[in-house]
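Pasting a structure here, questions to come.
The values are calculated or read from the model by the stated rules, or taken from the named source; none is laboratory data. Nothing here was measured: the structure is a model prediction, and the numbers come from that model. Here the Cβ positions follow ideal geometry from the backbone for every residue, glycine too, while neighbour counts run over all protein chains shown. Ligands, DNA and RNA are stripped out before the accessible areas are found, and what is left, the full protein with its side chains, is counted by its heavy atoms. Shrake-Rupley method; radii C 1.70, N 1.55, O 1.52, S 1.80 Å.
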Amino acid sequence: MARDGHDEGTHADSVAASPRTPVARRQNLRVLDGRFVLDRVSDVREVALESGLLALVLGPDGGAAMRRDDTAEDGWAALWNGDDAHDPEATGMLSAIVAPLAAGELPVWTAASYDGDLVLVPAGRLEEAAGLLRQAGHQVTHEGRSGRPD
């Protein structure tokens with residue numbers, strides 16, 4: 001028992017409540033207009049730096065470019081949580097979004113910027129993804145709809 005007469009809880013509870021360990025909170029996600037595709041990048045010099053480029057991620061094996069292509073049959077929808085930028089040291093922000101999607105067996109692609117995260121889901125399953133995220137406590141809005149929840 002704690003000094004105040006209440007149970008102290010588990011170690012995990014005390015770690016989650018630690019002021020040095022920011023924890024994920026409910027997030028506002030905005031669905032970006034358009035469909036996006038993923039391209040493998042082997043030479044960054046061949047990537048067209050145009051307005052349709054959403055993200056360019058480089059890794060030891062090359063990388064990937066996320067770019068807008070509204071004609072793509074198997075396109076992806078993009079969700080963005082950076083309108084309410086979070087501290088880069090905040091923990092659990094991306095997992096709070098990805099975990100409910102994984103539980104619903106939705107594939108995702110992710111990329112992060114300094115202020116937020118991009119989470120791509122198959123465009124044909126966007127409404128399913130939005131429902132899962134809302135059930136997890138997040139707000140999901142569509143771009144160009146004045147921030148009004150759907």
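Using mean Cβ contacts within 10 Å as the protection proxy, how do 85-98, 29-42 order, highest first?
29-42, 85-98
Would you mind telling me the share, in percent, of accessible area of segment 77-150 contributed by carbon and sulfur at probe 1.4 angstrom?
51 percent
So how much slack lies between residue 110 and residue 28, counting 0.36 nm per residue of separation and subtracting their Cα-Cα distance, in nm?
Extending this stretch completely gives an extra 27.9 nm.
Before I look further, what does segment 26-135 give for accessible area per residue, probe 1.4 Å, in whole square angstrom?
That works out to 56 Å² per residue.
At 0.36 nm per residue, minus the direct Cα-Cα distance, what do residue 90 and residue 134 gain on full extension? Give it in nm, one decimal, please.
13.7 nm
How much length would be gained if the chain were fully extended between residue 46 and residue 98, taking 0.36 nm per residue of separation minus their Cα-Cα distance, in nm to one decimal?
15.7 nm
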